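What follows is one structure encoded as structure tokens, with my remarks underneath.
The values are calculated or read from the model by the stated rules, or taken from the named source; none is laboratory data. No experiment lies behind these values; they were computed from the predicted model shown. Positions of Cβ are generated from backbone atoms using ideal geometry, with glycine treated the same way; all protein chains shown enter the neighbour counts.
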Amino acid sequence: MIRRIVSIAMGLLATGAMATAPETTVEGTGWRTESAAALPKYATVAARNKEQILVWDGAKGAQIARSVVLLVGAPYGEVQPIVQQALGMFGKFTTEVRDKPLAYLPDDWNAVLLSRRADLRNALVERFTLPRLQQAVAQGALTPSEIEPWLARARARLDPIPLDRDASVPADRYTLDAFRVTYPYWSATQHLKYGLFGKQESTLSIDVSDVTAMFAHPATAVQIRREDRYANPNYHPFTRLFSDDFNILSTGPSATLGDDIVPAPVFLAVRDALAGLPGQVEIARSPRAWVQPVPRTTATPTLALVAPARNVPIIKAQAIRWDALVTDQRPALYPHDLLALPDGDLLFSSQVLD
């Protein structure tokens with residue numbers, strides 16, 4: 001089967017030379033097809049099979065594409081059948097069709113969604129961030145005037161909840177009706193094993209998702225990638241037992257290694273098939289290429305300087321022994337911190353030695 005795919009690859013590249021001319025991604029990186037043999041370090045299986053792969057041309061030279069995303073300005077119902085038909089020449093695939101809720105979008109697509117949907121960012125802030133800020137005010141950790149700057153920063157985040165975690169989780173988002181809206185999803189997977197003992201395997205995946213919810217027009221995303229797994233030539237179950245740096249707690253080298261690549265024939269077949277649609281086709285290394293910058297509103301309270309009143313008596317400072325503030329009567333008391341709280345209270349800490 002792998003030889004059949006390689007022969008198809010060579011045929012496509014021979015007949016579609018015009019399609020392989022260098023072009024540019026949304027991020028501004030050039031792309032082209034290249035023999036995997038020219039970059040064998042990160043495409044071991046593809047190089048061994050003399051395959052053509054997709055590479056990026058950037059400031060750091062040629063880099064192997066680990067995944068590619070095509071954004072098509074056309075409805076999902078038009079794109080999905082075309083992709084499925086284009087894959088027909090590459091053999092049998094296992095397919096999956098289902099509707100997924102927006103709450104469970106992959107992280108990259110979730111960032112795209114929130115960057116383009118202020119209504120969803122606001123819904124998250126109102127549901128999760130605001131109640132926590134109000135609780136902080138009630139506990140004296142914040143003043144009421146400090147809430148607005150916090151809310152402004154939260155609304156500018158691409159995952160603006162909550163305060164005590166770095167990011168929200170799908171279960172949080174799923175509690176909101178707007179994130180329970182579903183989008184059509186179709187995937188095709190081809191799993192191949194080859195080699196003398198079948199120790200080499202490749203998993204080719206093509207995902208088609210309706211991303212209209214993120215854009216102001218019908219849009220569909222197609223993502224292509226292949227994972228290759230092969231035996232580690234430097235691995236032997238007993239080698240590390242006799243090595244100088246043997247550590248019984250270490251797992252040692254892995255028995256298998258892996259590379260992620262994009263087969264050029266599959267990419268070109270899908271891209272050329274989509275070119276027949278009226279909508280624009282954009283190519284990117286990652287979905288984050290379509291993340292829009294979120295403008296931050298300056299909500300810092302205006303600082304008003306007021307001259308001190310001259311018709312009131314001056315309050316003189318009164319010294320208080322610090323040990324009078326500590327209820328513990330043991331003599332070995334050492335002050336540590338003094339923190340002024342927003343409501344006028346003081347938080348005092350000390351070390352007590354027995």
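Hey, among the residues in the range 179-223 that are over 30 Å from ARG127 (Cα atoms) and among the aromatic types (Phe, Trp, Tyr), which one's modelled with the lowest pLDDT?
This residue is PHE197.
Looking at the range 198-221, which of the residues that are of a type in the set (Ser, Thr, Tyr) and in a strand (DSSP E or B) is surrounded by the fewest Cβ atoms within 10 Å (Cβ to Cβ)?
It comes out as THR203.
Among the numbered conditions (1) in a helix (DSSP H, G or I); (2) of a type in the set (A, V, I, L, M, F, W, C); (3) buried (at least 20 other Cβ atoms within 10 Å of the Cβ); (4) modelled with pLDDT of 95 or more, tell me where ALA103 comes up short.
(4)
May I ask you to list the residues in the range 82-100 that are surrounded by fewer than 13 Cβ atoms within 10 Å (Cβ to Cβ) and assigned to a helix (DSSP H, G or I)?
Selection gives GLN85, GLY88.
Of all residues being in a loop (DSSP other than H, G, I, E, B), modelled with pLDDT under 90 and under 29 Å from the mean Cα position of the chain (by Cα) in the range 233-274, which is farthest from TRP31 (Cα to Cα)? Just the residue, please.
THR251
Residues are listed down the side, and each one gets a yes or a no for (1) within 20 Å of the chain's Cα centre (by Cα); (2) modelled with pLDDT under 90; (3) within 29 Å of ALA219 (Cβ to Cβ):
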site: ALA118; (1), (2), (3): yes, no, yes
site: PRO131; (1), (2), (3): no, yes, no
site: ALA138; (1), (2), (3): no, yes, no
site: ARG155; (1), (2), (3): yes, yes, yes
site: ILE161; (1), (2), (3): yes, yes, yes
site: ARG165; (1), (2), (3): yes, yes, no
site: SER168; (1), (2), (3): yes, yes, yes
site: ASP172; (1), (2), (3): yes, yes, yes
site: ASP177; (1), (2), (3): no, no, yes
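Give, as residue ranges, the strands (runs of 3 or more DSSP E) completely inside the range 279-354 that count at least 1 residues that are at pLDDT 75 or above and more than 30 Å from LEU120 (Cβ to Cβ).
The qualifying strands (runs of 3 or more DSSP E) are 333-340, 346-352.
Mind checking which residues of the range 28-56 are closer than 26 Å to GLY276 by Cα and surrounded by 14 or more Cβ atoms within 10 Å (Cβ to Cβ)?
The answer is THR29, TRP31, ARG32, THR33, GLU34, GLN52, ILE53, LEU54, VAL55, TRP56.
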